[in-house]
Each structure stands twice: as structure tokens, then as C-alpha cells.
Amino acid sequence: LKNGTARKKQTMYESPAFWDRRYASIMANEIPPQEWYGLDDTVLSIVKEMATVDDMVHDLGCGQSGLCSRLRSEGFRKLSGSDFSAVLIEARRLEEKKRASIVGPHSAKIQYIQCDLRRKPAMARGSVKLVVDKATLDSIIYRRSSSAKTDAEAVWRQVSRMLAPDGQVLSISLNNEDIWTRYARPRGLEPTEPTLKLVRKLDGQKVPVNVYVRKYKLPVSCTTRACS
């Protein structure tokens with residue numbers, strides 16, 4: 001029974017239906033939004049080092065994260081987020097409509113896209129300067145299986161297509177180098193600097209945990225020609 005429960009837990013994160021039910025329950029019970037891995041000034045400062053207020057920033061697997069909203073308050077004007085939960089994206093679009101009715105139509109808008117990133121890119125090819133992955137790849141490789149690795153590779157392919165020639169990826173993960181290399185290392189992207197390890201006490205955690213910050217870019221060959 002325990003093994004069966006464990007297998008079910010390992011595969012639930014890959015299902016849009018699971019996340020639809022989860023978000024519907026969260027919203028129905030008015031549970032405060034969850035910010036996976038937190039959103040402190042350190043994370044925001046890294047984002048601002050990698051992109052300017054005029055660059056397109058995309059929150060990959062955005063969930064209920066306040067990343068785009070925080071960046072908008074910092075003056076960023078081109079923001080988008082994607083998730084494969086239709087329930088979640090509908091709610092986030094409604095939030096934007098309500099906000100626009102209050103602050104007016106000329107304020108920067110956040111574009112929310114419902115998309116299975118394993119199958120197609122959320123944004124047009126070459127349109128994004130910075131893609132932020134905060135826990136999304138972790139939720140994929142949670143299964144620690146060959147299928148998880150395949151899904152991670154599929155997502156990275158779509159990310160590569162979305163990136164502008166001088167675009168970058170910021171990935172924030174709880175997985176150490178061994179697990180990341182085995183299951184989530186992006187093919188078609190190359191690191192721009194060594195992995196940064198932060199020690200953080202996250203919501204719900206009694207003791208501090210290691211948070212790994214990784215940065216990637218397209219290889220030079222992809223900045224001079226189209227890469228699949």
C-alpha cells in the first residue's frame with residue numbers, strides 16, 4: 001500500500017487535472033496563495049541583474065507566484081506567466097481584469113498563458129529576454145524517473161525556442177547538483193556562471209534548506225542561427 005501511495009504521489013504533479021483540483025480547492029477555501037521557494041529581495045535583485053524594465057520576462061509554470069506583480073511594481077512593463085492549469089490561468093486573467101478596472105487600461109499588464117510546456121512554447125520564438133523557473137522543473141523531476149527526465153528535456157526545448165538570442169534563464173531549485181545533472185540539466189543551453197547556493201528557511205520548513213540558483217543562456221551557435 002505504501003509503495004502504491006508513493007508512486008501515486010510521484011506522478012500527480014505531471015497531471016493538469018491534479019493542479020486544476022488543487023487550485024480550485026485553494027481558491028474555494030480562500031487559502032492564501034503559495035509562493036514556492038519564497039520571493040525575497042535576493043531573488044528579485046538577481047532578476048533585475050539579468051533583465052531591464054523594457055525586457056520581456058516570463059514566469060515558467062507561474063502558479064500563484066507574485067513574481068510578475070512584484071516586478072511590475074518595480075517598473076517592469078513586459079511580463080508574462082504560463083501554467084498548464086486552466087483553472088489557475090482563468091483566475092489569474094480575472095485578477096488582471098479586476099486590476100485594470102481599478103487602475104486603468106494604461107498600466108502594465110501581465111499576460112497569462114495556459115500551456116503545456118512539454119508540448120509547445122508559451123511565447124513566440126525568440127521573444128523572451130529572461131525565463132524564470134522557480135520550482136517548475138523541480139515539480140517535473142520529483143518523480144526521479146526516465147519519464148521525468150524526458151519531460152524536463154521537452155520543457156527545456158520549448159524554453160530554448162522562446163529565448164531571444166541574448167536571452168537567459170534563471171532557475172531556482174531545491175535539487176543538488178547530482179540530482180539536477182541526472183534529471184534536469186538543460187540540453188541546448190549552457191551555464192553562464194557556477195551554481196549559487198543560498199541557505200533559506202522557507203514557509204513550512206522548520207530548518208533552513210539549500211536553494212540552488214542556476215543561470216543559463218543559448219550557446220553561441222544558436223544566437224547566429226535558428227535552433228530547434
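The values are calculated or read from the model by the stated rules, or taken from the named source; none is laboratory data. Note that the structure is predicted; figures quoted are calculated from it, not measured. Please note: Cβ atoms are built from the backbone with ideal geometry, for glycine as well, and neighbour counts cover all protein chains shown. When the accessible area is computed, the model is the full protein with side chains, heavy atoms only, and any ligands, DNA or RNA have been set aside. Shrake-Rupley method; radii C 1.70, N 1.55, O 1.52, S 1.80 Å.
In table form, for the structure just shown:
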item	result
Within region 134-147, tally of residues that are buried (at least 22 other Cβ atoms within 10 Å of the Cβ) and either touching a helix residue (DSSP H, G or I) at 6+ places or on another chain (Cβ under 8 Å) or of a type in the set (Gly, Ala, Ser) (or both)	4
All positions within region 18-57 that are in contact with a strand residue (DSSP E or B) (Cβ under 7 Å, 6 or more places away or on another chain), at pLDDT 95 or above and part of a helix (DSSP H, G or I)	Ile46, Val47, Met50
Within region 66-75, tally of residues that are open to solvent by 10 Å² or more (accessible area, probe 1.4 Å) and touching a residue at least 40 places away in the same chain (Cβ under 8 Å)	1
Filtered residues of region 201-221 (kept if of a type outside the set (A, V, I, L, M, F, W, C) and either in contact with an Asp or Glu (Cβ under 7 Å, 6 or more places away or on another chain) or crowded, with 16+ Cβ neighbours inside 10 Å (or both))	Tyr212, Arg214, Lys215, Tyr216, Lys217, Pro219
Region 76-109, subset part of a helix (DSSP H, G or I) and in contact with a Gly (Cβ under 8 Å, 6 or more places away or on another chain), residue surrounded by the most Cβ atoms within 10 Å (Cβ to Cβ)	Leu88
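So that you can scan it fast, the table gives a plain yes or no per residue for (1) out of contact with any Cys (no Cβ under 9 Å at 6 or more places or on another chain); (2) more than 13 Å from Met56 (Cα to Cα); (3) modelled with pLDDT of 95 or more:
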site: Ile110; (1), (2), (3): no, no, yes
site: Leu117; (1), (2), (3): yes, yes, no
site: Arg125; (1), (2), (3): yes, no, yes
site: Ser139; (1), (2), (3): yes, yes, no
site: Arg143; (1), (2), (3): yes, yes, no
site: Ala148; (1), (2), (3): yes, yes, no
